[in-house]
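Visitor: Structure provided below as C-alpha cells; questions to follow.
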Amino acid sequence: RSGTVSFSEFGFIDEDLPQVNVVLLYSIDENLPTMIRVIPGSVRDIASLYATVEEAGIEGKVLVLDRGFFSSDALDFLSDRKVSFVIPARRNSQLYDEVTETNDVFGYRGRMISAGKKAIGNFYAYVYLDGFLKAEEEYSLYERLQKKLIDADEFNRKRERAGRILIISNMDRSPEEIYLTYKKRDGVEKQFDIMKDILRSDILYLRDNESIFGHMFISFLSMYCHSGIENMLRAAGLLEKHSSMDVLEFYSKVYMIRSSRGEVISEVPKKVRELDARLGLNIFPTK
C-alpha cells in the first residue's frame, strides 16, 4: 500500500488491493530456478512473456507455459524467436473442435489417457481425454446447474469439453511426450510454494521498488539453495525420505566455535554424520 512503490498497481487477482507481480523461470532439466523478475501489478501474463523471453535469451529451449499465456500472437512470437513451446489452449478456444479423434492411449499415474494429434498451420494440436478428470468436471457442472449458477446452454457447452485438455506446440512429437513435458510444469509451481509457504516472500512491508527488487533477489537465492539441496538428496536417493528443510535442520545442530585458540566444531550427532556421508559433502573432520 506504500505510495512510494510505483510497481504496486491494481491488477487482476484482487480488485481491492494493489499488487506486484513476479515472473519466475525454472529449468526442468536442472531442477533449478533460473530467473526472477518483478513487474508492475497491472501487467498481464502475455505482456510479461515478451520482455522475459527477450531478456532471458532462451532460443533453442522448450518453454512450458500455462493457459494464461495462450494467444495467437504469443505463439507467433515464440516461433519467430526460435523458442519451442508447450501451451494449453484456453477452455473456450475454438481449436477444441479441430481435433476430435483420440486413437492413442497411454498411462499416467494410474490413469489411462486417450490422445489425438493434428497439424494446424505451423503448429500441432494435441488433445487428451482423462476419464477421471471428466467425471470430476461433470460432477462440478451438475452442482453448478443445480444451484442455478449456470444455465442449460452453458452446461451443455462445457460438458462437451469435460475431461479434455488441448495443448498447442510447434514441436512434432508423440502425444505422450508432449503430455509428459507439460506435466513437468509443476516444478515452477513448487518454487512458488517455497517462496510463499517457507520463505514468506509474498508478505512485504517495503517502501520502494529497489527494496522489493532486493527482497525478491534474496528469495531467488534462497530458492536456488533449496533446489540445490533437493538435487543432492535426489542424487543420493534420499529425496523421498528427507526434504531440504530436514537437511538444514540436521546441519543446524552442529556449530563452529571460534576463539583465540582457534576453531572448534561442536559434537556431530551420528545421524548428521551419516547424512553428510550419504550426500558426499564430507564437511566434518574424520577425527
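Visitor: Just flag the GluC sites (Glu not before Pro) in the stretch 160-229 sitting in loop per DSSP whose Cβ has no more than 13 other Cβ atoms within 10 Å.
Guide: Of the GluC sites (Glu not before Pro), the ones in loops of the stretch 160-229 whose Cβ has at most 13 other Cβ atoms within 10 Å are E160.
Visitor: Stick to Cα atoms and the Kirkwood definition of Rh, then tell me Rg/Rh for the stretch 7-133.
Guide: Rg/Rh for the stretch 7-133 comes to 1.01.
Visitor: Using the Karplus curve 6.51 cos²θ - 1.76 cosθ + 1.60 with θ = phi - 60°, work out ³J(HN,Hα) for each residue of the stretch 164-180 in order, rounded to whole Hz, and write x for Gly and Pro.
Guide: 9, 10, 10, 10, 10, 8, 9, 10, 8, 10, 6, x, 5, 5, 5, 4, 5
Visitor: Here's something else I'd like to know. Any idea of L204's accessible area? Nearest 10 Å², probe 1.4 Å.
Guide: The value for L204 is about 60 Å².
Visitor: Can you tell me the length gained on complete extension of the stretch Y50 to D104, counting 0.36 nm per residue apart and subtracting the Cα distance?
Guide: That works out to 16.0 nm of additional length.
Visitor: Tell me the per residue accessible area of the chain using a 1.4 Å probe; a whole number in Å² is fine.
Guide: 62 Å²
Visitor: Taking the simple approach of a point 7 Å from Cα along Cα-to-Cβ for both T286 and S260, what is their distance in nm?
Guide: With each label point 7 Å from Cα toward Cβ, the separation is 3.5 nm.
Visitor: Among the listed pairs K117/K158; K61/K253; K196/K271; K158/K183; K184/K241; K61/K158, give every one whose C-alpha distance is greater than 32 Å.
Guide: The pairs that break the limit, which is 32 Å between Cα atoms, are K61/K253; K61/K158.
Visitor: Okay, moving on. Per-residue HN-Hα couplings for the stretch 62-78, Karplus 6.51 cos²θ - 1.76 cosθ + 1.60 at θ = phi - 60°, whole Hz, x for Gly and Pro?
Guide: 10, 9, 9, 10, 9, 5, x, 8, 6, 6, 5, 5, 5, 4, 5, 4, 5
Visitor: Any idea what Rg and Dmax come out to for the stretch 129-216 if you just take the C-alpha atoms, in Å?
Guide: For the stretch 129-216, the Cα-based Rg and Dmax read 20.1, 52 Å.
Visitor: For M171, list long-range residues whose amide hydrogen, built 1.01 Å from N in the peptide plane, is under 5 Å from its own amide hydrogen.
Guide: For M171, whose amide H was placed from the backbone, the distant partners under 5 Å are F85, Y124.
Visitor: Another question, then. Rounded to a whole number of µm²/s, how large is the Stokes-Einstein D of the chain at 4 °C and 1.567 mPa s, given Rh as the Kirkwood radius over C-alpha pairs?
Guide: Translational diffusion coefficient: 57 µm²/s.
Visitor: Would you mind computing the Rg to Rh ratio of the stretch 186-239 from its alpha-carbon coordinates, Kirkwood style for Rh?
Guide: 1.08
Visitor: Counting helices only, and only those DSSP H runs with n ≥ 4, report the 222 nm mean residue ellipticity of the chain as the sum of -39,500 (n - 2.57) divided by its residues, in deg cm²/dmol to the nearest 500.
Guide: So the calculated ellipticity at 222 nm is -11500 deg cm²/dmol.
Visitor: Of the accessible area of the chain, with the probe set at 1.4 angstrom, what percent is carbon plus sulfur?
Guide: Of all accessible area on the chain, carbon and sulfur atoms account for 50 percent.
The values are calculated or read from the model by the stated rules, or taken from the named source; none is laboratory data. What you see is a predicted model; the values in this text were computed from it and never measured. Cβ atoms come from the backbone with ideal geometry, glycine included; neighbour counts cover every protein chain shown. Ligands, DNA and RNA are excluded from the accessible area calculation, which covers all protein heavy atoms including side chains. Shrake-Rupley method; radii C 1.70, N 1.55, O 1.52, S 1.80 Å.
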